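Below you'll find the structure, written out as structure tokens, and then a few comments.
The values are calculated or read from the model by the stated rules, or taken from the named source; none is laboratory data. Quick caveat: nothing in here was measured; it's all calculated off a predicted structure. Because the Cβ atoms are built from the backbone with ideal geometry, glycine has one as well, and the counts that use them run over all protein chains shown.
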Amino acid sequence: MRIVISGGTGFIGKSLTKELISNGHEVYILTRNPEKHKDKENIHHVQWLREGNQPENILVNIDAFINLAGESINGGRWTDKRKQQILDSRMEATQEMMRMAKSVQPHTFINASAIGYYQASKLITHTEKSQDIANDFLAQTVKQWEEKASEANHLGIRTIYTRFGIILGKDEGALPRIALPYKLYAGGTVGTGEQWMSWIHLNDTVRAIRFVLEKNDIQGPINLTAPSPVTMKEFGQTLAKVLNRPHWIPAPAFAIKAALGEMSTLVLEGQKVIPTVLIDHGFLFTYSTLEHALTNIYKNQY
């Protein structure tokens, strides 16, 4: 397939590009600065989001769009200005993808999303059919993002919303920040420790995206989480075991709220999410347990 990716130079995008190329696909990465990147066999960098630029003119016979673009939610305190940037970056990128899709007419549109769509709860287990929708900033951002992406569906394009859990990778994403206190022998339970953490290994993330891309009968929301979510306390204990470090100094909720403000909800609240659609369609996780995933990430380091 010939696949267009926005956000292709980011945390997920880099690994996804490698996954697609290694499986015989051709990738066109939309970027503001194509001159900073070198094209390789089956990887092309295309200018976008510049006034007067029309990348669709060189995107011929494209099979799929994958939209991963958006300001990181982990980049700083959620001030009003920061929250507006997070929302606007997603809406702007998706709007531009919609504009191009009308001309290019790919058969599939995959849009990034997040499990923050679901209500935080210690008791509820969420699947893609869950109607327990949250009403906080992150949930409203996801809701508006998916609504904008749904325009592809109105164009007759198969549309998929990949609701990401906490993606575990060694060098980027949330894990390095979570692991740092443990590496310094200062790790411990965050908040009550009873909040759920629905995680997924980066390798399974990109494999799952390729899986739904190649399965023409999958559409709508897809939970990209491992089938075995854990509580935050269990996560910390497992991480400590893998790193051979103690799990002993707690991080109380009031201290995290003071340090992070509204962004503290990312670690103090959580959703128990099951990837029912992936499971029902036969996707096989390489890392279905947290200890296996973390051991793979940190093997030969500790």
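Residues that are closer than 29 Å to Arg210 by Cβ and loosely packed, with under 12 Cβ neighbours inside 10 Å within the stretch 48-73 comprise Asn57, Ile58, Val60, Asn61, listed in sequence order. Of the residues making up the stretch 145-170, just one is surrounded by fewer than 18 Cβ atoms within 10 Å (Cβ to Cβ), modelled with pLDDT of 95 or more and either assigned to a strand (DSSP E or B) or of a type outside the set (Gly, Ala, Ser) (or both), namely Glu147.
Selection of first residues in the stretch 45-62 that are closer than 15 Å to Ser6 by Cα and of second residues that are aliphatic (A, V, I, L, M) and assigned to a loop (DSSP other than H, G, I, E, B), restricted to Cβ pairs under 7 Å at least 6 apart or on distinct chains, gives the following pairs, ordered by first then second residue: Val46/Ile58.
The rows are residues; the columns are (1) in contact (Cβ under 8 Å) with a residue 60 or more places away in the chain; (2) in contact with a His (Cβ under 7 Å, 6 or more places away or on another chain); (3) surrounded by 15 or more Cβ atoms within 10 Å (Cβ to Cβ).
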| site | (1), (2), (3) |
| --- | --- |
| Asp88 | no, no, no |
| Ala93 | yes, no, yes |
| Lys102 | no, no, no |
| Gln105 | no, no, no |
| Ser113 | yes, no, yes |
| Tyr118 | yes, yes, yes |
| Lys122 | yes, no, no |
| Ser130 | no, no, yes |
| Ile133 | no, no, no |
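The criterion of being at pLDDT below 95, out of contact with any helix residue (DSSP H, G or I) (no Cβ under 6 Å at 6 or more places or on another chain) and surrounded by fewer than 20 Cβ atoms within 10 Å (Cβ to Cβ) holds for Gly261. I'd like the residue in the stretch 277-302 that is in contact (Cβ under 8 Å) with a residue 60 or more places away in the chain and surrounded by fewer than 18 Cβ atoms within 10 Å (Cβ to Cβ) and, out of all such residues, is farthest from the chain's Cα centre (by Cα). Checked the stretch 277-302; the qualifying residue farthest from the chain's Cα centre (by Cα) is Tyr302. Is there a residue in the stretch 181-195 that is within 24 Å of the chain's Cα centre (by Cα) and under 27 Å from Glu146 (Cβ atoms)? Checked the stretch 181-195: at least one residue is within 24 Å of the chain's Cα centre (by Cα) and under 27 Å from Glu146 (Cβ atoms).
Pairing each residue of the stretch 186-204 that is closer than 13 Å to Ala174 by Cβ with any residue that is at pLDDT 95 or above and of a type in the set (Lys, Arg), provided the two are 6+ apart or on different chains, yields C-beta distances under 8 Å for Ser198/Lys272.
Yes/no per residue for (1) in a loop (DSSP other than H, G, I, E, B); (2) under 18 Å from Ala93 (Cβ atoms); (3) within 23 Å of the chain's Cα centre (by Cα); (4) among the small types (Gly, Ala, Ser):
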| residue | (1), (2), (3), (4) |
| --- | --- |
| Leu16 | no, yes, yes, no |
| Leu20 | no, no, yes, no |
| Leu30 | no, yes, yes, no |
| Glu35 | no, no, no, no |
| Lys38 | yes, no, no, no |
| Glu51 | yes, yes, no, no |
| Asn61 | yes, no, no, no |
| Gly70 | yes, yes, yes, yes |
| Ile73 | yes, yes, yes, no |
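Does at least one position in the stretch 203-215 carry a residue that is surrounded by fewer than 21 Cβ atoms within 10 Å (Cβ to Cβ), under 20 Å from Tyr118 (Cβ atoms) and in contact with a helix residue (DSSP H, G or I) (Cβ under 6 Å, 6 or more places away or on another chain)? No, there is no match, as no residue in the stretch 203-215 is surrounded by fewer than 21 Cβ atoms within 10 Å (Cβ to Cβ), under 20 Å from Tyr118 (Cβ atoms) and in contact with a helix residue (DSSP H, G or I) (Cβ under 6 Å, 6 or more places away or on another chain). Is it true that some residue in the stretch 77-97 is part of a loop (DSSP other than H, G, I, E, B), modelled with pLDDT under 95 and farther than 30 Å from Gly165 by Cβ? No, there is no match, as no residue in the stretch 77-97 is part of a loop (DSSP other than H, G, I, E, B), modelled with pLDDT under 95 and farther than 30 Å from Gly165 by Cβ. Which of the residues spanning the stretch 280-297 are out of contact with any Pro (no Cβ under 9 Å at 6 or more places or on another chain) and either modelled with pLDDT under 95 or closer than 16 Å to Ile218 by Cβ (or both)? Residues satisfying the conditions are Asp280, His281, Gly282, Leu284.
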